[in-house]
Every structure is written in C-alpha cells, then in structure tokens.
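The values are calculated or read from the model by the stated rules, or taken from the named source; none is laboratory data. Please read all numbers here as calculations on a predicted model, not as lab measurements. Using ideal geometry, Cβ is built from the backbone for each residue, glycine included, and neighbour counts are taken over all protein chains shown.
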Amino acid sequence: MKELIIATSNAGKINEFDLLFKEMSLPIKLISFKDLNFFENVPETGNTFEENAFQKAEFVFNKFKIPVVSDDSGLEIKILNNEPGVYSARYAGLEKDDAKNRKLVLENLKFKLERQSRFVCCLCFYDGKKSNFFRGFLNGKIHTNETGENGFGYDSIFIPEGYSNTMAEISVDEKNKISHRAKAMKLFSEFLEE
C-alpha cells in the first residue's frame, strides 16, 4: 500500500494524522478529501463509533478504490449517559458548530459535581476486502468553563487525567502523545508495520 485516503474533511484531524504519520515514518502518501476535490457528505448514520467509522470507510473506498482509514470519535460524559457520544460533532444541531456544542455540554453539567468523561476514537482501516478496527481512549473530566486556544472540538473544556490544564492548553506535541486518536493511530501503525 502506497496511498491511503484519510476519510475526513476536518482540518484538525487531517493535521493530527499527518503529524502522527511523519513521527512514525510510515512510507505512505496520505490523501485528504481536499486532495481528491471531494466535498460530498459521507454517510454517518450508525449507533456506535465502529458503525460510523466502517460506513465512512466503505463509502469512500467504493468511490475511489484506494485503501481508506476513517475515524469516528467523540466525547462521552458518564453522568449524561455517555452523551454526546456518536453525536459529538452535531450535539447542538446539524450544522456542526464546535462552540455551540461546548456551550451545551457546559449548560448540561451546570449544577453537576460529577464531570468524569472520556474521549473515544475508533479508526477503521478498509482495503475493499477486510475491515480492521483500532480504538483509543483518553480519560479525564469536563472543566467548568472554556480555557485554551489550541486544538478543536471539545479540547478547551476537557482536562485529561493526570493534568490540570485542558487539552487546548497543552502543546500539540504533548496532545499527540496522549490523545485518544494518537493511541488508536499507534495501534494502526503497528498493524501496518506488520
């Protein structure tokens, strides 16, 4: 395999994949939707991270016939019955507004002391024959307000376990060592090296 499509149009995710692949020195050319001039909506109607990741990978592979890695990831908050979960990107509405999503989470936790949560990432690698899944988790808690300028999504309200700062306050290098996506990517890279 010399080329691999990253099935996302999220610039933050593409950047993370790019950095992680460079660190791992994998001789694979990463192709984004932008490189393919592809701007269609990819179906994401599953009830689990695994279902969504596979649905995206299969759809993109069938269109371009190039191996695909897709991910579905999100935030699970224990006291909110693991919401937003698979609806993390559109928690506050279909327009996928990160700021509104964070605001809604903070509102829903307003008078709650229990703020235990975790980021979940499920990667699916699909080559047209077989799908392989790689999962990563990052435990932590939700801050009472937004802090930090780095990152995207829920980073500015999520404090990783063992840290006192949010994901948006730590460096990109540090984030790439501890993130749920980095953990799933490490498993994926080990699979590719085999």
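Within region 1-12, restricting attention to residues that are part of a loop (DSSP other than H, G, I, E, B) and in contact with a strand residue (DSSP E or B) (Cβ under 8 Å, 6 or more places away or on another chain), which residue is surrounded by the fewest Cβ atoms within 10 Å (Cβ to Cβ)? Only one residue fits best here, namely 2.
Where residues in region 139-180 are part of a helix (DSSP H, G or I) and of a type in the set (S, T, N, Q), which of them is modelled with the lowest pLDDT? Write out each step before concluding.
Here is the first cut: in region 139-180, the residues part of a helix (DSSP H, G or I) are 155-157, 172-178, 180.
Subsequent filtering for residues that are of a type in the set (S, T, N, Q) retains 156, 176.
On the way: 156: 97, 176: 82.
Result: 176.
Kindly provide the set of residues from region 151-176 that are closer than 23 Å to residue 103 by Cα and surrounded by fewer than 17 Cβ atoms within 10 Å (Cβ to Cβ), ordered by number.
Of all residues in region 151-176, those closer than 23 Å to residue 103 by Cα come to 151-161, 163-170, 175.
Correct list: 152, 161, 163, 164, 165.
Among the criteria (1) at negative phi; (2) surrounded by fewer than 18 Cβ atoms within 10 Å (Cβ to Cβ); (3) out of contact with any helix residue (DSSP H, G or I) (no Cβ under 6 Å at 6 or more places or on another chain), the one residue 137 does not fulfil is (3). Given the criteria touching an Asp or Glu at 6+ places or on another chain (Cβ under 8 Å) and either closer than 29 Å to residue 141 by Cβ or not small (Gly, Ala, Ser) (or both), does residue 14 qualify? Criteria not met by residue 14.
Taking region 72-103 only, how many residues are of a type in the set (Asp, Glu) and assigned to a helix (DSSP H, G or I)? Result for region 72-103: 1. Summed over region 13-58, residues that are out of contact with any strand residue (DSSP E or B) (no Cβ under 7 Å at 6 or more places or on another chain), part of a helix (DSSP H, G or I) and surrounded by fewer than 17 Cβ atoms within 10 Å (Cβ to Cβ) total 6. Restricting attention to region 61-100 and to residues that are touching an Asp or Glu at 6+ places or on another chain (Cβ under 8 Å), surrounded by 22 or more Cβ atoms within 10 Å (Cβ to Cβ) and within 15 Å of residue 138 (Cα to Cα), the residue that is modelled with the highest pLDDT turns out to be 77.
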